[in-house]
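Chemist: One structure is given below, represented as structure tokens, and several questions about it will come after.
The values are calculated or read from the model by the stated rules, or taken from the named source; none is laboratory data. All values reported here derive from a predicted model rather than from experimental measurement. Counting neighbours? That spans all protein chains shown, and the Cβs are built from the backbone with ideal geometry, glycine included.
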Amino acid sequence: MLEKRRALIVSLLEILLYMGLCLVAYHFPDTVTPFATEADRLADILLAFVSVSIVCGSVLYFHLKEYNQQQLLLEEQNLRLRSLDNAKSTFLTTVAHEIKNPLSSISLHARDTSELLEEEPLDFSLMQENLRTIEQSVMRIDRIVLDLMDTVSIEQGRLALSLVPSDLSGLLYSVKKDYCSHPSSKNNQLVLTTQSGLPEISADPERLIQVVTNLISNAERHTQNGTITISLTGEPGRPSASPTPEPACQKKCEKTHSRVMFPLIRITGGTA
């Protein structure tokens, strides 16, 4: 269908055309030829009918064509809106899941600390460990909230990472501790194996914890009465794309890369 302005212009042109024809016939009657016979009148009526039918059919065709185009555009917009709605639901589900894990850890360690306060003698070391775990969980929730505030930056493709030297073994052990702090709903066990002597990497610890936690959650959904295994191993480093070194130092560079070990994380799970 024609848009408002275009439809108004077309209607005005049609009115002006009809008015112009009437004015020409009124002021210049010589240009109007009377019909000599009934056959001529009938032929004029048929010609007028065919002409008007062609014009009306053409206008109707273009109206229907534009209507179909707008329907297709509307369907595409509806699909995009449904996709955005699904993405929003997935996002909210992920955020709820990310917040649920540290909240469960806080609840468990707070209850354990409350029970320790009723015991004699007081075990301050265990209470301090529980408080440290609670503090770490609170910091994770705080980071998630900050991530929600950065949603606009994420949509614009500008996700800020806090890159610091990180020990993957320590991060994985903290993830395992959080996982073991609350019982598995599917009676699964988490096994962590790490290779010693691995170097630190430049990474965002909180992002890594979130990624590993999500992977464990995926394995948990597909594992029943089984074992989820996290293995941290090292692979020999591979030279990155760079200009070819001089022949004198090429062997030295190859030996250096062969001694460098890059951490590799594997997470596996299966039904028992």
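Chemist: Taking region 195-214, which residues are buried (at least 17 other Cβ atoms within 10 Å of the Cβ) and either in a helix (DSSP H, G or I) or free of Cβ contacts under 8 Å to residues at least 60 places away in the same chain (or both)?
Modeler: 203, 204, 205, 206, 208, 209, 210, 212, 213
Chemist: Name the residue, out of 67, 26, 61, that is among the hydroxyl-bearing types (Ser, Thr, Tyr), part of a helix (DSSP H, G or I) and in contact (Cβ under 8 Å) with a residue 60 or more places away in the chain.
Modeler: Of the residues listed, the single one that is among the hydroxyl-bearing types (Ser, Thr, Tyr), part of a helix (DSSP H, G or I) and in contact (Cβ under 8 Å) with a residue 60 or more places away in the chain is 67.
Chemist: Further, regarding this structure: When the residues of region 139-163 are narrowed to those that are not basic (Lys, Arg) and not in a helix (DSSP H, G or I), which ends up modelled with the highest pLDDT?
Modeler: This residue is 163.
Chemist: Restricting to region 27-45, and then to whatever is modelled with pLDDT under 80 and not small (Gly, Ala, Ser), can you tell me which residue is surrounded by the most Cβ atoms within 10 Å (Cβ to Cβ)?
Modeler: 35
Chemist: Kindly list, by first and then second residue, each pair from a residue in region 145-168 that is within 21 Å of residue 90 (Cα to Cα) and loosely packed, with under 12 Cβ neighbours inside 10 Å to a residue that is among the small types (Gly, Ala, Ser) and at pLDDT 75 or above, limited to pairs with Cβ atoms under 8 Å and residues at least 6 apart or on different chains.
Modeler: Taking only residues 6 or more apart or on different chains, not a single pair turns up.
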